[in-house]
Amino acid sequence: MTKFPFNDFHSFKDFVVFVQICSANKFSQRQGALADTPWTLNLAFEGLRQGLRMAVKEKGERPAFAESRRLVEEAYDAYKFGDIRSGFMKLEQVQKLLQKIPSQ
C-alpha cells in the first residue's frame with residue numbers, strides 16, 4: 001500500500017486541499033523516503049480513495065463519506081478530461097462535506 005502524507009481523519013482533510021490545489025499538473029516533488037515516487041493525478045486520487053476508507057474506519061460510515069466518494073470519482077474524471085474547473089469545484093464540495101465532521 002502506498003504511503004500518503006496523512007495518518008488520521010484530521011490530516012486527511014489537509015490532503016484533500018493539497019490535491020484540490022495541485023491537480024492541475026502543479027504537483028510538487030515528494031519529500032523524504034517518498035521522493036522517488038512523484039505525485040501524479042492517479043496517485044493523488046488513490047490517496048483520496050484510501051483516505052476516505054480510513055475515515056470510515058475512524059469515524060464510521062456516514063452519508064458525507066458516500067457523497068465524497070461519488071464526488072472524488074467525478075472530480076477525477078473531470079481532471080482526466082481537462083475540465084480543471086469542474087474537478088476543482090467537486091473537490092471543494094468534498095472539502096466542505098468533510099469539514100462538517102469533527103476531528104481532533
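The values are calculated or read from the model by the stated rules, or taken from the named source; none is laboratory data. Only a predicted model underlies this, so the values are computations on that prediction, with no experimental measurement involved. Methodologically, a virtual Cβ is constructed for each residue, glycine included, from the backbone with ideal geometry; neighbour enumeration extends over all protein chains shown.
Any chance the stretch 82-99 includes a residue that's more than 12 Å from the chain's Cα centre (by Cα), loosely packed, with under 13 Cβ neighbours inside 10 Å and farther than 18 Å from V17 by Cβ? There is at least one residue in the stretch 82-99 that is more than 12 Å from the chain's Cα centre (by Cα), loosely packed, with under 13 Cβ neighbours inside 10 Å and farther than 18 Å from V17 by Cβ. Could we say that S68 is touching a Leu at 6+ places or on another chain (Cβ under 6 Å), among the polar types (S, T, N, Q) and modelled with pLDDT of 95 or more here? Answer is yes for this residue.
Scanning the stretch 49-72 for residues that are surrounded by 14 or more Cβ atoms within 10 Å (Cβ to Cβ) and either of a type in the set (F, W, Y) or without any contact (Cβ under 8 Å) to a residue 12 or more places away in the chain (or both) yields V56, F65. Determine whether the stretch 8-24 contains at least one residue that is at pLDDT below 85 and either surrounded by 17 or more Cβ atoms within 10 Å (Cβ to Cβ) or under 15 Å from L97 (Cβ atoms) (or both). Yes; the residues of the stretch 8-24 include at least one that is at pLDDT below 85 and either surrounded by 17 or more Cβ atoms within 10 Å (Cβ to Cβ) or under 15 Å from L97 (Cβ atoms) (or both).
Within the stretch 57-77, the set of residues being part of a helix (DSSP H, G or I) and either small (G, A, S) or over 14 Å from the mean Cα position of the chain (by Cα) (or both) comprises K57, E58, K59, P63, A64, A66, S68, A75.
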